[in-house]
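Engineer: One structure coming up, written as C-alpha cells, with questions to follow.
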Amino acid sequence: MAITYIKKADKTSATGEDNTREIVVDMLREIEEGGEAKALEYAKKLDGWDKGSPIMSREQIEAAKALVPQQLKDDIHFSYERVSRFATAQRDSMQEFETELSPGLFAGQKLIPMTTAGCYVPGGRYAHIASAIMSVATAKVAGVENVIACSVPHGEQGMHPAIVYAMDLAGADTILAMGGVQGIAAMAYGLFTNQPADILVGPGNKFVAEAKRLLFGRVGIDLFAGPTEIAIIADGNADPEIVACDLAGQAEHGPDSPAWLFTNSRELADAVIERMPHYIESLPQVQRDAAFAAWRDYGEIILCDTNEEIATISDQYAAEHLEVQADNLDWWLGRLKNYGSLFVGEEATVAFGDKCSGTNHILPTKGAGRYTGGLSASKFIKVVTYQRQSKEATRDVGATTARISRGEGMEGHARTGDIRLAKYYPDETFNLGSL
C-alpha cells in the first residue's frame, strides 16, 4: 500500500483522557454518596443553577416553548417527522418469532423495550436541538415507557427554549435542567425522579462521554463516544470548495474534532489545503477558534494510489461520519465496511443527517465503527429468548444435556436432566454419561 500523509495530525483521540477520567471518577463517587444535594451543588458551581429541583414543571415547559419562533418550531417538526419515520422503519425491521428446532422443542425471540431511558442533550457551546429529537423520539418509537431528558441550564435563564421544545415534542416524560456529569449521574442513579435509567444515550463533551463509559455495566449506554469526526473520500472530480466547506463545518464542533480527507488526487489535496483557512476564517469567532484548533491539531489528508487503498484506510479510521464525493458511488457503498453513518454523493452531507434528514446522528467515534453502529430503535429494545418443550422432546435434550454436563464436570447440571428423565420415563434406561 502506497499512502502519503499530506497533512498529519499532531494529536489523537486519546489525548488528555487520563485527567478527564480522574475528574469524572471523583464526581460520580461524590454524587452517588451525596445524592441530590451533591448533584445540585455541582449544578450551581458549574452551570449557575440555583432554583432547587431541576425537574421542569408543565408550566415552565410551556413558558419556554412560547419563546421559540414559529419558523424554528416548524423546522423542529420537520426533523422530528423524518427521524421518527426512520426509527419506526428500524423498529419494524425487527420481529419476534418462535421456531420448532426438533419435534416438541420450541425456541422463540421476544422484543422487550427498556423501561427507563436517560437522554442527554448537549447545550453548552451550542444548543443541540436535533440531539433531543434523535434520542428522545427514537426511544419513544422503540416503546420505552419512561424517557428522562436532561440538558445544561444557563444560570437563571435555564435550558435553551428550543431544546425544551424539541424534548417535549419528541415525548420526554421528564425534563431535567441539569447538564454535564451531574446530569448523567442524576439519570443513572434515579435522582429527583426515583427512576434509575436502564440505558443512557446521547452525545456530550469528554466529561459526559467518560461518565457514560464509567457507568456502563451498571446501566446500558448507546456507545462509547468521543469528539465528533468527519472523513471525506474524494477523487479528482470532487469539488474542492465543497470538500473544504464540509471539513470546516464539522471542525466547528470543538477544538478536538478530527477532520480527515482520503483521496487519490494530489491536485485535490492541495486545493483543499489551500481553501481550508478561508472557510475557517469566515466563521464567527467561537466557531472559528474551535475549527482552527481542530484542523491544526487533528486534521489529516492522506493520499492513496487506488480506490481500494482509500477504502482500506477509511475502514481503519472507521470515521463517525463518512462522506463519499467520488465516481462510482455504488462501488463505495458496497465496499466500505466501517463507519457510523455514510453520506453517498456530493448532494448528501453530514449536516443534513445531523439536523433533519432522518438517520440518527448519535454515532460511534474513536474507531468504534468497527464493531457497532449508531443509535437506533434497536438500542432501546432487549432481544430476549425463551424456550418450551414437550416431555417427548426431553428424551433427547435431557440425555444430551446430562452427557455434555458430565463431560464438563458439572454434575449439578447433569442431574437436572436425570431427574426429568427418571420422572417422565421411569421404565427406560438412558446413556447419561459418567462422573
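Engineer: Quick one: would you say Ala326 is in contact with a Pro (Cβ under 6 Å, 6 or more places away or on another chain) and either over 24 Å from Arg370 (Cβ atoms) or of a type in the set (Gly, Ala, Ser) (or both)?
Structural biologist: No; evaluated as a whole, the condition is false for this residue.
Engineer: Something else now. Do we have Lys355 as basic (Lys, Arg), within 15 Å of Met134 (Cβ to Cβ), open to solvent by less than 60 Å² (accessible area, probe 1.4 Å) and within 16 Å of the chain's Cα centre (by Cα) here?
Structural biologist: Answer is no for this residue.
Engineer: Now a separate question. Show the residue pairs meeting these rules: Cβ distance below 7 Å; 6+ apart or different chains; first residue within the stretch 113-130 and on the phi < 0 side of the Ramachandran plot and among the polar types (S, T, N, Q); second residue in a loop (DSSP other than H, G, I, E, B) and crowded, with 21+ Cβ neighbours inside 10 Å.
Structural biologist: Filtered contacts from the stretch 113-130: Thr116/Ala197.
Engineer: Here is a further query. Identify, please: which residue in the stretch 237-260 is within 21 Å of the chain's Cα centre (by Cα) and among the charged types (D, E, K, R) and is, among those, farthest from Pro227 (Cα to Cα)?
Structural biologist: So the residue we want is Glu252.
Engineer: Between a first residue in the stretch 38-49 that is among the aromatic types (Phe, Trp, Tyr) and a second residue that is part of a loop (DSSP other than H, G, I, E, B) and surrounded by 18 or more Cβ atoms within 10 Å (Cβ to Cβ), which pairs have beta carbons less than 9 Å apart while being 6 or more apart in sequence or on different chains?
Structural biologist: As it stands, the answer is Tyr42/Met178; Trp49/Val152; Trp49/Pro153; Trp49/Gly158; Trp49/Met178; Trp49/Gly179, since those pairs meet every condition given.
Engineer: Right, something else. Taking Arg415 as meeting all but one of (1) of a type outside the set (Gly, Ala, Ser); (2) closer than 30 Å to Asp92 by Cα; (3) open to solvent by 10 Å² or more (accessible area, probe 1.4 Å), write down the number of the exception.
Structural biologist: Arg415 satisfies all of (1) of a type outside the set (Gly, Ala, Ser); (2) closer than 30 Å to Asp92 by Cα; (3) open to solvent by 10 Å² or more (accessible area, probe 1.4 Å) except (2).
Engineer: Still on this structure, I have one more. Kindly state which helices (runs of 4 or more DSSP H) lie completely within the stretch 238-339 and contain at least 1 residues that are out of contact with any helix residue (DSSP H, G or I) (no Cβ under 6 Å at 6 or more places or on another chain), closer than 20 Å to Ala9 by Cα and touching a residue at least 40 places away in the same chain (Cβ under 8 Å).
Structural biologist: Ranges flagged: 240-251, 266-281, 285-298, 307-317.
Engineer: Any chance you could count how many residues in the stretch 283-325 are among the acidic types (Asp, Glu) and open to solvent by less than 60 Å² (accessible area, probe 1.4 Å)?
Structural biologist: Looking only at that region, the number is 6.
Engineer: Inspect the stretch 36-54 for any residue being touching a Gly at 6+ places or on another chain (Cβ under 6 Å) and over 21 Å from Gln182 (Cβ atoms) and give the result as yes or no.
Structural biologist: no
Engineer: A follow-up question, please. Can you name the residue in the stretch 7-30 that is buried (at least 16 other Cβ atoms within 10 Å of the Cβ) and closer than 18 Å to Ile230 by Cβ and is also modelled with the highest pLDDT among such residues?
Structural biologist: Top of the filtered list is Ala9.
Engineer: Pick from the stretch 386-410 the residues that are part of a helix (DSSP H, G or I) and over 21 Å from Glu428 (Cα atoms): which of them is most open to solvent (accessible area, probe 1.4 Å)?
Structural biologist: For the stretch 386-410, the residue satisfying everything is Glu408.
Engineer: Name the pairs: first residue in the stretch 370-383 and more than 12 Å from Gln90 (Cα to Cα), second residue assigned to a strand (DSSP E or B) and open to solvent by 30 Å² or more (accessible area, probe 1.4 Å), Cβ to Cβ under 8 Å, at least 6 apart or on different chains?
Structural biologist: Lys382/Leu111; Lys382/Ile112; Lys382/Pro113; Val383/Gln109; Val383/Lys110; Val383/Leu111
Engineer: Might you let me know whether the stretch 39-48 holds any residue that is of a type in the set (Phe, Trp, Tyr), open to solvent by less than 70 Å² (accessible area, probe 1.4 Å), part of a helix (DSSP H, G or I) and over 30 Å from Met276 (Cβ atoms)?
Structural biologist: Taking every residue of the stretch 39-48 in turn, at least one turns out to be of a type in the set (Phe, Trp, Tyr), open to solvent by less than 70 Å² (accessible area, probe 1.4 Å), part of a helix (DSSP H, G or I) and over 30 Å from Met276 (Cβ atoms).
Engineer: On the given criteria, is Lys65 among the basic types (Lys, Arg), more than 16 Å from Leu375 (Cβ to Cβ) and in contact (Cβ under 8 Å) with a residue 24 or more places away in the chain?
Structural biologist: yes
Engineer: I'd like the full set of residues that are open to solvent by less than 80 Å² (accessible area, probe 1.4 Å), in a helix (DSSP H, G or I) and out of contact with any Asp or Glu (no Cβ under 7 Å at 6 or more places or on another chain), limited to the stretch 63-80.
Structural biologist: Within the stretch 63-80, Ala63, Ala64, Leu72, Lys73, Asp74, Asp75, Ile76, His77, Ser79, Tyr80 meet the criteria.
Engineer: From the residues in the stretch 370-385 that are of a type in the set (A, V, I, L, M, F, W, C) and surrounded by 13 or more Cβ atoms within 10 Å (Cβ to Cβ), which one is nearest to Ser131 (Cα to Cα)?
Structural biologist: Filtering the stretch 370-385 for residues that are of a type in the set (A, V, I, L, M, F, W, C) and surrounded by 13 or more Cβ atoms within 10 Å (Cβ to Cβ), the one nearest to Ser131 (Cα to Cα) comes out as Leu375.
Engineer: Further question: Scan the stretch 385-400 for residues that are of a type in the set (Ser, Thr, Tyr) and either more than 14 Å from Leu101 (Cβ to Cβ) or touching a strand residue (DSSP E or B) at 6+ places or on another chain (Cβ under 6 Å) (or both) and jot them down.
Structural biologist: Result: Thr385, Tyr386.
Engineer: Also, quick follow-up: Consider the stretch 107-164. How many of its residues are modelled with pLDDT under 95 and among the polar types (S, T, N, Q)?
Structural biologist: Of the residues in that region, 1 qualify.
The values are calculated or read from the model by the stated rules, or taken from the named source; none is laboratory data. Small disclaimer: the values here were computed from a predicted structure and weren't measured. Here the Cβ is made from the backbone with ideal geometry for all residues, glycine too, and neighbour counts use every protein chain on show. Ligands, DNA and RNA are excluded from the accessible area calculation, which covers all protein heavy atoms including side chains. Shrake-Rupley method; radii C 1.70, N 1.55, O 1.52, S 1.80 Å.
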